[in-house]
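The values are calculated or read from the model by the stated rules, or taken from the named source; none is laboratory data. Given the structure is predicted, the values throughout are model-derived calculations rather than measurements. We place every Cβ from the backbone using ideal geometry, glycine too, and count neighbours over all the protein chains shown. Surface areas here come from the heavy atoms of the whole protein model, side chains and all, with no ligands, DNA or RNA. Shrake-Rupley method; radii C 1.70, N 1.55, O 1.52, S 1.80 Å.
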Amino acid sequence: MIPIALCVVLLPLLGFLLAGTVGQKLDDRFSHLTTCSLMGISTLLAIYLFIQMGLQEKSLIIPLFTWIQVEFFEVSWGLQLDSLSLVMISVVTFVSFMVHIYSIGYMKGDPGVPRFMAYLSLFTFFMLSLVTAPNLLQLFFGWEGVGLCSYLLIGYWYDKETANAAAIKAFLVNRIGDMGFVLGLLTLFVTFGTLDFSTMFELMEIHQNDIFVFCGMPVHALTLASILLFIGAMGKSAQIGLHTWLPDAMEGPTPVSALIHAATMVTAGVFLVVRLSPLLEYAILARELITVVGAATAFIMATIACVQNDIKRIIAYSTCSQLGYMFMAAGLSGYSASMFHLTTHAFFKALLFLGAGSVIHAMSDEQNIQKMGGIWKYIPVTYVIMWIGSLALAGIPFFAGFYSKDIIIEIDWVSQLPGSKIAFVSAVISALLTAFYSWRLLLLTFHGVARADDAVMSHIHESPLSMLIPLFFLAIGSLFSGYIFYELFVGEYTNFWGSAIFVLPQDEVIKAAHDVERWVGWCPTFAALIGIGIAYIFYTYAEKWPGQLAHYFRKIYNFLYHKWYFDKLYDRLFVKPSLKLGEFLWKEGDQKAIDGLGPNGLAALSLASGGLLCRLQTGYVYHYAFAMVLGLVLMLGWYLWM
């Protein structure tokens, strides 16, 4: 298994090296063939590992070499293969493989195809390094790697100002979260003396009551570490407060949006929280915080998605909302339900993003759904694909999202943790809003009268096979993954997760969720049907109502349209003061103080003294004789005085 596991992780890195070096000198077909074939082999090997180890409930830690060794501090580089990492590598490689194939058609004609394909493969390598890490430091290596690659991919069109701004924003916002990650990592190292997962988890019960002095105050060490690490997860997984980078990331090419938002970077935070389940089980306050933040994110992001007009941004805000569901479940100790929703979400969200890319491709790069309409007959395959993805996202029986969203809402109801009932209400309302904005997108994009220009309508065409084939496979996952994996992931008697997920007996919610009242399980379905019904009324039978309601409730509409004013608030609180401080330090500190007293001051002093000395060089002999006599007198006077 060791060579196979190494190939899964290293083949995408090989694809990056080949496409980034040789591919730059050859045509695009070499980069396509190299990266896609290597990614395909990695995917097949990952699925093989899942079948041979995951389904057999086997786990394995493979130490490869000593990475860092300084006195008592030692970190090894290796691979941890358990049910949690095997699920992640299977999902990551499969979605990445689909995105690689899709990019062949979508990026056709772009001058930087080798660079783009190389970035995709490098991104996948870092994500695989993250999910197979046996210790926190190696996980942090992959964590920072996907952050770097997201910057490169979001800003891929570097000659586009908005893309550059979005890339920088994503990088900076993630650095805020990463500061929390680093502090949490250091807290755990001080507490346990190691960063190795297996060693830490074995010592968890012994250190469950440890106190850590933070900012001069004694606090519970495990709670402090959990909260700090969750701040890192908030940045990567775009939870409320650190979410502003994610919608702006839509400035990158659509395959990037699918890769980042479906199963890779944004799910890294969810994976981190689930991996640290033995830590979180002894940090109740941290789990309460995770639950509340997840519930707030699910609701707030859904409200914003209801009024957006950019097709990719609607799906992006939907991603933030669904990530809120995952954190909600993890905070209530439903870690397996969180991973279940992560898996199903990877299929239908990648499907929706790539389907949206197919629409944009057909509409000559138009992304505003208000300028579409009446195009379903021109792109019927994409139309069906978007329907499947929307049904799965809305949680309609018996699509993938129905099973995973249903179990999360049942966990919200049965959990006794403070805040669980708030999470339940938030989840049900968010389910209604999810169905509403999904059908708003479908109806405005594909139905009604055509609102695009005649020039655009005359060029509408279905996408090439290289773009449709990945959509077909993702559609299969969106249809059947929930049914197939339900019993394995969250079944009442499943033992699939083994030691990869730890839950204290009093926090066991998965089994309790199976005995919940029937009406609780059907709540998300009824909410989704209500949301679909409202969308149909608004955008089919009473098309004037949305505009009238937006006008009548203009303040609420503007509040939602401007994304709860998070960006403007941050601009006023942080961006503008930082710019003013930078300008002050530049003009007063750098130019006047440092340059004025330093290089520029010394240069001015040299010029002034040089000018004074030049005046002494008159060319008259008697002046020089007088100077010599004067110097002699001064020397004799000094000698006699001494």
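What the table shows:
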{"read-out": "Charge dipole magnitude, Cβ of K and R +1, D and E -1 - segment 476-588, Cα centre, debye nearest 20", "value": "880"}
{"read-out": "Local net charge near residue 83, Cβ-Cβ under 12 Å (Lys/Arg +1, Asp/Glu -1)", "value": "0"}
{"read-out": "Amide hydrogen neighbours beyond the local backbone of residue 61, cut-off 5 Å, H modeled", "value": "81"}
{"read-out": "Dipole moment magnitude, nearest 20 debye, the chain about Cα centre, only Lys, Arg, Asp, Glu C-beta charged", "value": "1580"}
{"read-out": "C-alpha long axis of helix 599-616 to longest principal axis of the chain, angle in °", "value": "20"}
{"read-out": "Angle in degrees between helix 28-49 and the longest Cα principal axis of the chain, rounded to the nearest 10", "value": "60"}
{"read-out": "Estimated [θ] at 222 nm from DSSP helical runs (n ≥ 4, -39500 (n - 2.57)) normalised by residues in the chain, nearest 500", "value": "-22500 deg cm²/dmol"}
{"read-out": "Helix axis angle, 621-641 relative to the chain longest principal axis, alpha carbon, degrees", "value": "90"}
{"read-out": "Distant-in-sequence amide H partners of residue 214 (H built 1.01 Å from N, under 5 Å)", "value": "219"}
{"read-out": "³J(HN,Hα), Karplus 6.51/-1.76/1.60, whole Hz, each residue of segment 134-147, x for Gly, Pro", "value": "x, 8, 5, 6, 5, 4, 5, 4, x, 4, 6, x, 5, x"}
{"read-out": "Sum of side-chain charges, residue 67 neighbourhood, beta-carbon under 14 Å (Lys, Arg +1; Asp, Glu -1)", "value": "-2"}
{"read-out": "Protection proxy ranking, peptides 553-564, 284-295, 82-93, average beta carbon neighbours within 10 Å, highest first", "value": "82-93, 284-295, 553-564"}
{"read-out": "Spatially proximal lysines relative to residue 563 (Cα-Cα < 29 Å; intrachain offsets below 8 disregarded)", "value": "160, 169, 236, 312, 349, 371, 405, 421, 544, 555, 576, 580"}
{"read-out": "Using θ = phi - 60° and Karplus 6.51 cos²θ - 1.76 cosθ + 1.60, couplings along segment 472-479 (whole Hz; Gly, Pro as x)", "value": "5, 5, 5, 5, 4, x, 5, 7"}
{"read-out": "Surrounding net charge for residue 169, when Lys and Arg each add one and Asp and Glu each subtract one, Cβ distance under 10 Å", "value": "-3"}
{"read-out": "Per residue, in Å², the accessible surface of segment 517-559 once ligands and nucleic acids are set aside, probe 1.4 Å", "value": "73"}
{"read-out": "Positive-end residue of 93, 306, 551, charge dipole of the chain with Cβ unit charges", "value": "551"}
{"read-out": "Farthest positive-ward along segment 464-537 dipole, Cα basis, beta-carbon charges - from 504, 491, 478", "value": "478"}
{"read-out": "Fraction of accessible area attributable to carbon and sulfur, the chain (%, probe 1.4 Å)", "value": "69"}
{"read-out": "In segment 21-99, GluC sites (Glu not before Pro) in a DSSP loop with at most 11 other beta-carbon atoms within 10 Å", "value": "71"}
